[in-house]
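One structure is given below, encoded as structure tokens.
The values are calculated or read from the model by the stated rules, or taken from the named source; none is laboratory data. Note that the structure is predicted; figures quoted are calculated from it, not measured. Cβ sites come from the backbone with ideal geometry, for glycine too, and all protein chains shown count toward neighbours.
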Amino acid sequence: MSAGDDILILLAAGSARRMQSVVDDKITALLAGKPVFVHSLRTFLSTGLVGRAIITYRDDAQLAKLRALLAAHLPAATAIDFVPGGESRQDSVLAALNTCEGHAGLVHIHDGARPLVSAEAIRKVRAKAFETGAAILAGRAADTVKIAKADSASVETSPDRGLVWTAETPQVFRTAVVLKAYRKVAELQRKVTDDSSAVEFVGQDVSLVENPSVNLKLTRPADFVLAEAILKTR
């Protein structure tokens, strides 16, 4: 598995329901003068690790817009493939992974709504995945976490904060491992909210790699303001 042979899956097929109609599509919306997805795509390509990029898309209208924005902002980018996404995030990931059959290297899976990921963080989590086969970027919990009772909003337990991490992306795996995992959870109709959960389910250890920089996910309108401010400091 050498540098330049990695695959990037950039997830762009999600909706923007929590954006409260401020933007129609948070993935293609402008952030500091560039489309949101272009920020992270440009960063991944700058590392020299990625030999193939796959972008999942929601519908034909979004696909046309993604293509036009790429032509305008990254005209000389590495060859990029587009794969139609599914109803859920895990459906979209599996659709993209199915086009990676036979790849012997590493695949990076990244949320298109995380435009602030740094090249340093990408290299750091990739190095760990190269060593162990599976690694995710994550942050240590800054707040005390509460686990609620199943039937109410009252507290069931308070886990040791020192053991709690928040999962981020990219999440990096040997392609064969994560493809097998996603096919297994699909076969069993098991729902997962991140890629690590699928890989854990088939018994693969996943390494946690602490992110050295801010890696905000654009979820609410105020996140755009914060992301713009962060970009101005870089």
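Considering (1) modelled with pLDDT under 95; (2) assigned to a loop (DSSP other than H, G, I, E, B), say which one Ala71 fails and leave the rest. Here Ala71 clears every test but (2). With respect to being surrounded by fewer than 18 Cβ atoms within 10 Å (Cβ to Cβ), at pLDDT 95 or above and in a strand (DSSP E or B), Asp81 fits the description.
Checking the conditions here, which among Ala104, Ala113 is touching a residue at least 24 places away in the same chain (Cβ under 8 Å), aliphatic (A, V, I, L, M), in contact with a Gly (Cβ under 9 Å, 6 or more places away or on another chain) and assigned to a loop (DSSP other than H, G, I, E, B)? Explain how you work it out, then say what you get.
Numbers: Ala104 fails: in contact with a Gly (Cβ under 9 Å, 6 or more places away or on another chain).
Being touching a residue at least 24 places away in the same chain (Cβ under 8 Å), aliphatic (A, V, I, L, M), in contact with a Gly (Cβ under 9 Å, 6 or more places away or on another chain) and assigned to a loop (DSSP other than H, G, I, E, B) holds for just one of Ala104, Ala113, which is Ala113.
Within segment 119-128, if we keep just the residues that are in contact with a Pro (Cβ under 9 Å, 6 or more places away or on another chain) and among the hydrophobic types (A, V, I, L, M, F, W, C), the residue that is nearest to Val38 (Cα to Cα) turns out to be Ile122.
Return the only residue of Val172, Val177 being in contact with a Leu (Cβ under 7 Å, 6 or more places away or on another chain), surrounded by 15 or more Cβ atoms within 10 Å (Cβ to Cβ) and at pLDDT 95 or above.
Val172
Total residues in segment 125-151 satisfying the condition of being buried (at least 17 other Cβ atoms within 10 Å of the Cβ), in contact with a strand residue (DSSP E or B) (Cβ under 6 Å, 6 or more places away or on another chain) and not in a strand (DSSP E or B): the figure is 5.
The single condition from (1) over 19 Å from Thr47 (Cα atoms); (2) in contact with a Ser or Thr (Cβ under 8 Å, 6 or more places away or on another chain); (3) modelled with pLDDT of 95 or more; (4) in a loop (DSSP other than H, G, I, E, B) that Val192 fails is (2).
Is it the case that some residue within segment 20-33 is under 17 Å from the mean Cα position of the chain (by Cα), modelled with pLDDT of 95 or more, farther than 18 Å from Pro115 by Cα and not in a helix (DSSP H, G or I)? Spell out the reasoning first.
Taking segment 20-33 and keeping what is under 17 Å from the mean Cα position of the chain (by Cα), we get 25-28.
Still in the list and also modelled with pLDDT of 95 or more: 27-28.
Restricting the remaining residues to those that are farther than 18 Å from Pro115 by Cα gives none.
No, that holds for no residue.
Is it true that Ala186 is under 20 Å from the mean Cα position of the chain (by Cα), within 24 Å of Val214 (Cβ to Cβ) and among the small types (Gly, Ala, Ser)? Taking the combined requirement at face value, the residue does not satisfy it. Scanning segment 195-224 for residues that are under 20 Å from Ile122 (Cα atoms), in a helix (DSSP H, G or I) and hydrophobic (A, V, I, L, M, F, W, C) gives a single hit, Val199.
Of the residues in segment 152-170, not one is part of a strand (DSSP E or B), in contact with a helix residue (DSSP H, G or I) (Cβ under 8 Å, 6 or more places away or on another chain), more than 29 Å from Arg220 (Cβ to Cβ) and of a type in the set (A, V, I, L, M, F, W, C).
So Thr99 ticks every box in (1) part of a helix (DSSP H, G or I); (2) in contact with a Pro (Cβ under 7 Å, 6 or more places away or on another chain) but one. Which box is left unticked? It fails just one condition, (2).
Against the test of being closer than 28 Å to Phe130 by Cβ and surrounded by fewer than 16 Cβ atoms within 10 Å (Cβ to Cβ), the options Arg190, Arg161 yield a single qualifying residue, Arg190. For segment 214-234, taking the residues that are basic (Lys, Arg) and more than 20 Å from the chain's Cα centre (by Cα), the one that is modelled with the highest pLDDT is identified as Lys232.
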